[in-house]
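Supplied in structure tokens, the structure appears directly below.
The values are calculated or read from the model by the stated rules, or taken from the named source; none is laboratory data. For clarity, every value in this text was computed on a predicted model and none was experimentally measured. Don't worry about glycine lacking a Cβ; one is built from the backbone with ideal geometry, like all the others, and counts go over all protein chains shown. All accessible areas refer to the heavy atoms of the entire protein, side chains included, with ligands and DNA or RNA removed. Shrake-Rupley method; radii C 1.70, N 1.55, O 1.52, S 1.80 Å.
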Amino acid sequence: MIRSSNKFKWRHKHLLGLRELTREELEFILDTAEGFENISTRSVKKAPPLRGKVVVNLFFEDSTRTRISFGLAASRLSADVVEFTKKSSSVSKGETLIDTARNLEAMGIDTIVLRHGAGGAARLLSRSIDACVVNAGDGFNEHPTQALLDVYTIRKHRGSLDGLKIAIVGDISHSRVARSNIWAMTKLGAEVILVGPPTLMPSKVNDLPVTVSYDMDEVIEKVDVINMLRIQFERMGGNLFPTIREYARFFSLTVDRMARAKSDLIVMHPGPINRGVEIESEVADGNNSVILQQVSNGLAVRMAVLYLVNQAAANKAKGK
Amino acid sequence: MYTGNNILIKNGRLIDPANNVDQICDLFIKDGYVSEIGQLDNDCDHVIDATGKIISPGLIDVHVHFREPGDEEEETIASGSMAAVAGGFTSVVCMPNTKPAVDDATSIEFVHRMARQARKTFVYVMGAITQGRKGTDLAEMGLMQKAGAVGFTDDGAGIQDASIMTRALKYASMLDTVVSQHCQDLSLGSSGVMNSGYNSTVLGLPGMDPLAEEMMLWRDIQLVKRIGVRYHAQHISTAGSVKIIREAKQQGVPVTCEVSPHHLLLTDDCIYEYDTNYKVNPPLRTKADIAALREAIKEGVIDCLATDHAPHLKSEKELEFLAAPFGIASLECALSLYVKALIEPGIIDWPQLLALMTHKPASIIRIEKGTLAKGSIGDVTIIDPDAEYTINAEKFYSKSRNCPYHNWNVRAKVERTIVAGEVRYSAD
């Protein structure tokens, strides 16, 4: 059952990012996801909307949960799923991203789910091929379905994001999750506070629709939701902060800090978690944590996205 | 195409900024040199009616990339030379960042030989400051100068090490040549692909800090102050750089600088769709930077207008923004772009614009060109200042099409380009 499908028509055959979507469009995706949620709990976990369609998981970067989540989402909608993982960037092997995609398209695929190390790669692809393109994370730019599942999870708990205070904590500078979250959360009416050391903040961060804080202790008391980003150890060589120990002391979500938080604080993390670093195990597994629910909700959200972009493509084809 | 010896150009607005000339008159070129100026009625088998047109000294561009040797599929000295005359340029200076780099006398001679064969525009060349442009060991600057190098630069990469730069400047002072620098301190973000700022944050692309340019510029100027050698800052792009240059000039430091059309017309807002045609180094900055650069041109702080013509293959520019090469191909529309950026908004007038594109660049590389004084070489650009047209990159003589100005409506068309008394380009 797809809620409110009669009052709104989805028009985008690509999902490249959330920056360009309106509140109405964001809500429509979330409403659509609600309709798909129960498929995962049925005994036969399959519905027919994408029967006969081919979805390619084109992943140029390591990913486990996002890739599997998209694969499962596509197969639950009865699409055929092709896995295409390639560690290196397209250029290093001589074949360009566009060439790779055009070859896939020549085999008759309908949707490309792209994970790529370069910001804007999904947009580049969408300009070059006819198939639907879903961005599964491009460089530091956006990770739209992660943010959608985040806001979906919050909405499920609170009914709405209007007026909520949400902290996003950690490496904002290199986080596509944070960027998508900022657009989704603020458009849905929440107030976003970015928390982390200045070395992990992007330039002109104050021009974004957010506030910035370097003080986790001050922030923890006033927020309704806290989204802890993963510390990317691979970037530690760059000395973005002195040591893990110092980072944890200043920014970790600890049991002590949780004691000063609102009792109904929602604790989120896009995973994978560095236990004991950005978040203590007891908090990650505690009553306030919705980390595993995020993963479950990811399936419904990705089903909704795959369904909607393919519908838009079909409508456009009919329109022709 | 007329290749005879004598040309009479009639009734044009002759603008020769080097000699403060701006008048309607005729110009007679005999045996490749300017012979007479005035109301002329010489017996001549080739007469050009320049009524309503500007007769300018041939335009000079101190910063182009012709990609030969190494990337001949992007541009060759021949195709670049043809693009140059189509843009009104009678002299250009090639940068040494080819593959291999132009870092010895033989490679300087190679460029000259290819240019002679192309027989279009005068092609000068700067040699690399360091061997292989690696920034570590000085190249044979003296021998390259003897072979005809008009200056030295590791263009594309600034000399990072201050002690190497000190040596280069000292050595250049002995040669009385100019050291030209691509100012960018790589320790402040070597992976950047666009201006660091709000847009890079939103697009999730690594940024290039304006300070990276300004820090190297400031450092170099301190060295130049101590050493006393001519120094030229290439394609400056930030308001901070303008300030540094202005102060240095006020102190009498022998520093000159250039700007490129894109830094006067385009901002990092253009990158919204990750269009790699806007990927350029130094990167497109902000409106405030454009305003500062335009103001500096009005004040005379900027010494010349270059193009930084940097052709690239379409297939390379079709890559991810991170992976695509830097550069814009603009030789053939540069004059119109400068008219749009500087004359149309009333910042400078035609004589001032042409000064920045003729005798001023000539003085930086010390070539005796850029003027129409009697006895000068017969390099002339005839411009229709009012002609409106649409830029069509598909029709460029350049081998490359990486031009963000495609389909722009602009004014001021190059009608004819005369090099050493020969019509080498005609718009007809």
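Looking for whichever is in the same structural domain as residue A:67 (by TED's automatic domain parsing), in contact with a helix residue (DSSP H, G or I) (Cβ under 7 Å, 6 or more places away or on another chain) and small (Gly, Ala, Ser) here; the options are A:304, A:261. Which one fits? Reasoning before the result, please.
Numbers: A:261 fails: in the same structural domain as residue A:67 (by TED's automatic domain parsing).
Within the list A:304, A:261, the selection yields A:304.
While we're looking at this one, here's another question. Scan segment B:8-22 residue by residue and report those that are in a strand (DSSP E or B) and open to solvent by 50 Å² or more (accessible area, probe 1.4 Å).
Initially, segment B:8-22 is screened for residues in a strand (DSSP E or B), giving B:8-16, B:21-22.
Matches in segment B:8-22: B:10, B:11, B:13, B:22.
Just the residues that are buried (at least 22 other Cβ atoms within 10 Å of the Cβ) and either of a type in the set (Val, Ile, Thr) or at pLDDT 95 or above (or both), please, taken from segment A:274-288.
Step one: list which residues in segment A:274-288 are buried (at least 22 other Cβ atoms within 10 Å of the Cβ), which gives A:278-279, A:283.
Residues satisfying the conditions are A:279, A:283.
May I pose another question? Given the options A:71, A:117, A:137, name the one that is touching a residue at least 12 places away in the same chain (Cβ under 8 Å) and under 17 Å from residue A:296 (Cα atoms).
Numbers: A:117 fails: under 17 Å from residue A:296 (Cα atoms); A:137 fails: under 17 Å from residue A:296 (Cα atoms).
Matching residue, one of A:71, A:117, A:137: A:71.
Let me ask something else about it. May I ask you to list the residues in segment B:298-335 that are more than 22 Å from residue B:242 (Cβ to Cβ) and among the charged types (D, E, K, R)?
Just the residues of segment B:298-335 that are more than 22 Å from residue B:242 (Cβ to Cβ), to begin with: B:309-325, B:327, B:329, B:331-333, B:335.
The answer is B:314, B:316, B:317, B:318, B:320, B:332.
Quick check on this structure: which one of B:360, B:374 is under 17 Å from residue B:91 (Cβ atoms) and either among the basic types (Lys, Arg) or free of Cβ contacts under 8 Å to residues at least 12 places away in the same chain (or both)? Let's see the steps before the verdict.
Working: B:374 fails: under 17 Å from residue B:91 (Cβ atoms).
Of the residues listed, the single one that is under 17 Å from residue B:91 (Cβ atoms) and either among the basic types (Lys, Arg) or free of Cβ contacts under 8 Å to residues at least 12 places away in the same chain (or both) is B:360.
When residues of segment A:154-175 are filtered for being within 15 Å of the chain's Cα centre (by Cα) and crowded, with 24+ Cβ neighbours inside 10 Å, how many remain?
So the answer is 4.
Is there any pair linking a residue in segment A:141-153 that is small (Gly, Ala, Ser) to one that is open to solvent by less than 10 Å² (accessible area, probe 1.4 Å), with Cβ under 9 Å and at least six apart or on different chains, and which?
A:147/A:18; A:147/A:178; A:147/A:180; A:147/A:181; A:147/A:182; A:147/A:184; A:147/A:185
Regarding segment A:292-306, can at least one residue be identified that is assigned to a loop (DSSP other than H, G, I, E, B) and at pLDDT 95 or above?
No, there is no match, as no residue in segment A:292-306 is assigned to a loop (DSSP other than H, G, I, E, B) and at pLDDT 95 or above.
Could you please find all residues in segment B:207-223 being open to solvent by less than 30 Å² (accessible area, probe 1.4 Å) and within 11 Å of another protein chain (Cβ to nearest Cβ)?
B:207, B:208
Looking at (1) surrounded by fewer than 22 Cβ atoms within 10 Å (Cβ to Cβ); (2) within 14 Å of chain B (Cβ to nearest Cβ), which is the only condition residue A:144 fails?
Just one mismatch for residue A:144, condition (1).
In segment B:253-301, what residues are assigned to a loop (DSSP other than H, G, I, E, B) and within 15 Å of residue B:337 (Cβ to Cβ)? Before you say what the answer is, go through the steps one by one.
Step one: list which residues in segment B:253-301 are assigned to a loop (DSSP other than H, G, I, E, B), which gives B:253-254, B:260-261, B:266-267, B:274-275, B:279-286, B:300-301.
B:260, B:261, B:266, B:267, B:280, B:284, listed by residue number.
Moving on. Can you spot a residue in segment B:87-98 that is over 28 Å from residue B:425 (Cβ atoms) and either open to solvent by 20 Å² or more (accessible area, probe 1.4 Å) or modelled with pLDDT of 95 or more (or both)? Walk me through it before giving the result.
Within segment B:87-98, the first condition is being over 28 Å from residue B:425 (Cβ atoms), and the residues that meet it are none.
So far as segment B:87-98 goes, no, none of its residues is over 28 Å from residue B:425 (Cβ atoms) and either open to solvent by 20 Å² or more (accessible area, probe 1.4 Å) or modelled with pLDDT of 95 or more (or both).
From the list A:263, A:252, exactly one residue is open to solvent by 20 Å² or more (accessible area, probe 1.4 Å) and of a type in the set (Ser, Thr, Tyr). Which is it? Explain how you work it out, then say what you get.
Details: A:252 fails: open to solvent by 20 Å² or more (accessible area, probe 1.4 Å).
Exactly one residue qualifies, and that residue is A:263.
Ok, one more. What tally of residues in segment B:153-203 results from selecting those that are touching a residue at least 24 places away in the same chain (Cβ under 8 Å), crowded, with 19+ Cβ neighbours inside 10 Å and within 14 Å of another protein chain (Cβ to nearest Cβ)?
Total satisfying the criteria: 8.
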